[in-house]
1. Starting from the Cα-Cα distance between residue 181 and residue 130, subtract it from 0.36 nm times their residue separation and give me the gain in nm to one decimal.
2. What is the distance in Å between the Cα centroid of segment 45-111 and that of segment 207-271?
3. Given contacts defined as C-alpha pairs under 8 Å and at least six residues apart, what's the relative contact order of segment 143-271, whole-number percent?
4. How far is helix 113-127 tilted, in degrees, relative to the longest principal axis of the Cα atoms in the chain, given as a value from 0 to 90 rounded to the nearest 10?
5. Would you work out the relative contact order for the chain, in percent, from Cα pairs under 8 angstrom that are 6 or more residues apart?
6. Taking the chain as the reference, fit the longest principal axis to its C-alpha atoms, fit the long axis of helix 98-107 to the helix C-alpha atoms, and give the angle between the two in degrees, 0 to 90, nearest 10.
7. Be a star and scan segment 213-251 for residues whose amide nitrogen sits under 18 Å from the point 7 Å along the Cα-to-Cβ vector of residue 311.
8. Mind ordering 73-80, 124-131 by average Cβ neighbours within 10 Å, highest first?
Ligand code: ATP
C-alpha cells in the first residue's frame, strides 16, 4: 500500500494550451493517505477519468508529478506501477473456475499455494462466493462476474493502490447496495489504498472515507461524507451532494443576519463579524428548512409536493426563486403552511461560490 501524492499536476489534451480552460485537469496538489478509501465524484466531463488515467499510467500529465510513497511514477507504464484495477465491465476468464480467476493474480506472481488458497477463500467468503468457487465463470450472471473482478482486484495484499472505474455500472440496482457494503467491508479488513471513480453520490458516500469532489477539472472539496453534507466548501458541492441539493439564495449581510428582499434570516453567531452590505449567497439544505404557519416565518408559496415514501419534497417559490424543503413523514401540507423557517445553525454563507469561514 502507498500514499499517493499529486504534485502540481495538470493536464491538457490539446498541444500548446493557451488558457486555463484548455486544461482538462487544472492545478492539483493533494496527498492521499496510505490505506485510505477515496471516491472521485463529479459530473460527466469534470476530469475524473483523466485523473484516474494519470494515476494508473495510461496518460502522462502535461505538468507535475505522481508519487506512490516516495517513488515518482509519473512516467512509469501501468504494469510497473504495482496497482490493481477494476473496470466498468467484468474482466474474467470464462473457461476458468471462480477459484482460479481469483487466484490468478497471486499465482502469476509465484505466491505459494497455501497462501493463495487462504487468500482466495477469505475474499470469496467476504463476497459471498464460497459456494461457487468450483464453478466455471461462463455460466454466471454479469453481477457475479463483476464480483469476481472486484475480488481479483483485491486479492493481492502488496499492491500500491486499487483503482475502481465505475465498477457497479453493470450491477443490477438491487445488488448495488450489497456490493457497496461488501467493498467497504473488504477495505476495512484488508486496508488497501483505494480510489473509486463514480458520478453516483450514493456510491461515493457509502464507499469512501474521503470523497474528492471534482468540478471543471479541479478538486473543489475533499472531505468526509459528513463534511460534504454539513459544510460544502463550494456551492457546487452543496448542490451536487444531496437529493435534492442545497438551496443557494442571494442575500445581503447586515449585522449578524442575512437579508433577502428586506426579510431577515438570522445567522449563527460565528458569522457575526461579516462586513455589512456584503453581497453573499446563503446555502441551506432542504432538510433544515421547515414549512410552518407561524407568523415569524418568511413567506413561501408551495408549488409542488412529491411524496417519496417516508419524506415529502416540497418545491416552493421564495421571492421568485425555487427552494426545496424536505418535510418529515406525516407532515400535513396545507395552504396554511405558507411560511418557511431557516435553522440559523445550518446556514452556510458563500462569497463568489466559496464558503465564508466565520469566527
Ligand atoms: P465521464 O464521467 O463522462 O467519464 P470524466 O469526469 O471522467 O467524465 P474526463 O473523461 O476526464 O471526464 O474528461 C475531462 C475533459 O477532457 C472533458 O472536457 C473531455 O471532453 C476531455 N477529454 C477527455 N478525453 C479526451 C481526449 N482523449 N482528447 C481530448 N479531450 C478529452
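Computed from the coordinates by the stated procedures, all read-outs in this text should not be read as laboratory data. Computed from a predicted model, the values in this text were never measured in an experiment. Here the Cβ positions follow ideal geometry from the backbone for every residue, glycine too, while neighbour counts run over all protein chains shown.
1. On the way: separation 51, 0.36 × 51 = 18.36 nm, distance 1.74 nm.
16.6 nm is the gain from fully extending residue 181 to residue 130.
2. Measuring centre to centre over Cα atoms gives 35 Å.
3. It rounds to 14 percent for segment 143-271.
4. The angle comes out at about 30 degrees.
5. Relative contact order for the chain comes out at 16 percent.
6. So the helix axis and the longest Cα principal axis differ by about 80 degrees.
7. Under cut-off, by backbone N: 225-232, 237-248.
8. In descending order of packing, they fall as 124-131, 73-80.
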